[in-house]
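Working notes, structure below.
The values are calculated or read from the model by the stated rules, or taken from the named source; none is laboratory data. What you are looking at is a predicted structure, and each value in this text was computed from that prediction instead of being measured. Neighbour counts are summed over all protein chains in view; Cβ atoms, including those assigned to glycine, are modelled from backbone coordinates with ideal geometry. Note: accessible area is taken over every heavy atom of the protein model, side chains too, but ligands, DNA and RNA are not part of it. Shrake-Rupley method; radii C 1.70, N 1.55, O 1.52, S 1.80 Å.
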Amino acid sequence: MEAVFTIRAHHGMCFAFFEGKGYSHEFVGHMEKIKRQLEGNPWIRVVNDTDQVCLYCPNNQEGQCHKPGQVAGYDNQVLELCGLQPGAVLTWKEFSDKVGSKVLKAHKRSGICGGCQWNPICLLQEAMWLNATNNSRL
């Protein structure tokens, strides 16, 4: 099982609520492309360091995050809640299901990344996502 993508742990939350907004046109296009590819459920390696999503992020400076402590903190909390170690290899669906149940449905997201500049988008998306997942069980 060869990992197709390397994905930062906290990006599991970002993909759940991504709505086509981001740092730049290039970043958004790149994120949309990766999201489409993840729909094929490839094997991924979950990390707490820069990944393929970070390629067009303005905080990525020569392959290193300009905010390493902040975003690694997000990653480490997601890894811990999901019961994973950095470098874990699993399918995208397995990972996104873990993020969904252990982080999002457990209402842990805002405690992890509530200070992120994208939090207002996530708050709205999270409310709709939680409502949709609750209604699907009715």
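In the assembled protein chains, H25 presents an accessible area of approximately 150 Å² (probe radius 1.4 Å). If both residues of a DSSP beta bridge must be in the stretch 1-132, then about 60% of such bridges are antiparallel. The GluC sites (Glu not before Pro) found in the stretch 1-42 that occupy coil by DSSP, while having at most 13 further C-beta atoms within 10 Å, are E2, E19, E39. Relative to its residue count, the stretch 1-89 spans a Cα convex hull of 95 Å³ per residue.
Split the chain at each of the trypsin sites (Lys or Arg not before Pro) in a DSSP loop with at most 16 other beta carbon atoms within 10 Å, and the longest piece is 22-104.
Computed over protein heavy atoms with a 1.4 angstrom probe, the accessible surface ordering of I112, I121, largest first, is I121, I112.
Would you please give the FRET efficiency between V28 and Q85, computed as 1/(1 + (r/R0)^6) with r the Cβ-Cβ distance and R0 = 22 Å, to the nearest 0.05? Write out the running numbers ahead of the final one.
Details: r = 31 Å, r/R0 = 1.40.
FRET efficiency, V28 to Q85: 0.10.
A cut-off of 5 Å between modelled amide H atoms, ignoring neighbours fewer than 5 places along the same chain, links N41 with no other residue.
Lysine pairs, Cα distance under 21 Å, 8 or more residues apart or cross-chain: how many in the chain? Pairs that pass both the separation and distance tests number 12.
Under the classification rounded if a/c is under 1.5, otherwise prolate if a/b is larger than b/c and oblate if not, where does the stretch 26-65 fall, given a ≥ b ≥ c as square roots of the Cα gyration tensor eigenvalues?
Working: a/c = 3.98, a/b = 1.37, b/c = 2.91.
Oblate shape, in that a/c is at least 1.5 and b/c is the bigger or equal ratio.
A simple spin-label model places pseudo-atoms 7 Å from Cα toward Cβ; at N131 and H66 they are separated by 3.6 nm.
Calculated on C-alpha atoms, the gyration radius of the stretch 47-138 divided by its Kirkwood radius gives an Rg/Rh of 0.99.
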